[in-house]
Amino acid sequence: MKLIKHFFQNVFKKQSMFSPQLYSIPVITITGQNHILIEQHYKILYFSNTEIKLTTKIGTIQIIGQALMIKMMYPQELLLEGTIKEINYE
């Protein structure tokens, strides 16, 4: 049992070293086809009910869909709701 506990403690320590927040890498979490959470973005370049473009440290993220709306927005976190059709990195 101690061996398993030690293994998982090491995994979590290593995982925290490679945390996306440490490198400001965008994190995109998609829940089904209707919700998308984007973390570590810096600026909204364009927003409409069919498209949104965001800048990040590694480039631009474009989300295409239908009936897109911003449900929640914090300085570096954005929750979108709507039918998501496409996600592109530029």
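Read-outs throughout are calculated quantities, based only on the coordinates presented, and are distinct from any laboratory measurement. The model shown is predicted, which means the values in this text are computed figures rather than measured ones. Positions of Cβ are backbone-derived with ideal geometry, glycine not excepted, and every protein chain shown enters the neighbour counts.
Summary of computed values
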| read-out | value |
| --- | --- |
| Residue order, fewest to most surrounding Cβ atoms within 10 angstrom, among 43, 53 | 43, 53 |
| Segment residue 28-residue 55, extension gain: residue separation times 0.36 nm, minus the distance between their alpha carbons | 8.4 nm |
| Estimated D of the range 20-89 in µm² per second, where Rh is the Kirkwood radius over Cα pairs and Stokes-Einstein applies at 20 °C, 1.002 mPa s | 181 |
